[in-house]
Amino acid sequence: MRQTSHDKRLHFGCGFVFGGVLSFLFLINAIVREGPGAWWIVLVVATGFAFLAMRHGEAFWAKASSIFETMDKWRGR
């Protein structure tokens with residue numbers, strides 16, 4: 001399916017937020033210890049997720065959804 005420019009912008013923004021939140025949660029201890037230097041890692045990861053989401057669109061979100069479902073099953077919910 002061919003993505004419009006609106007779809008690409010939407011996927012980029014959602015991927016950026018998703019990557020930023022995910023990397024923040026994984027790196028929260030490093031952020032507290034290291035301070036501003038660790039925020040660069042969060043920014044780089046968020047940007048990487050944004051470009052992946054923009055480039056691969058629906059396939060990216062389907063894979064992310066399946067990963068979260070698997071993690072939820074492992075937690076025993």
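The values are calculated or read from the model by the stated rules, or taken from the named source; none is laboratory data. The structure displayed is predicted, hence computed values, not measured ones. Heads up, the Cβs are rebuilt from the backbone with ideal geometry, glycines too, and the neighbour counts pull from every protein chain shown. When the accessible area is computed, the model is the full protein with side chains, heavy atoms only, and any ligands, DNA or RNA have been set aside. Shrake-Rupley method; radii C 1.70, N 1.55, O 1.52, S 1.80 Å.
A few notes on this one:
- Estimated FRET transfer efficiency (Arg55, Phe26; beta-carbon r; R0 25 Å; 0.05): 0.65
- Calculated accessible area for the chain comes out at 78 Å² per residue, all protein chains present (probe 1.4 Å; ligands, DNA, RNA ignored).
- Rolling a 1.4 Å probe over the protein heavy atoms of the chain, with every protein chain left in place, gives an accessible area that is 68 percent carbon and sulfur.
- Full extension of the chain segment joining Lys8 with Phe68 gains 19.3 nm, where the gain is 0.36 nm per residue of separation less the Cα-Cα distance.
- Cα gyration tensor, the chain - rounded (a/c under 1.5), prolate or oblate: oblate
- Projecting the Cα atoms of Pro36, Ala59, Gly76 onto the dipole axis of the chain, where Lys and Arg carry +1 and Asp and Glu carry -1 at the beta carbon, places Ala59 farthest toward the positive end.
- Around the amide H of Leu27, modelled in the peptide plane, lies no amide H under 5 Å away from a residue 5 or more places distant or on another chain.
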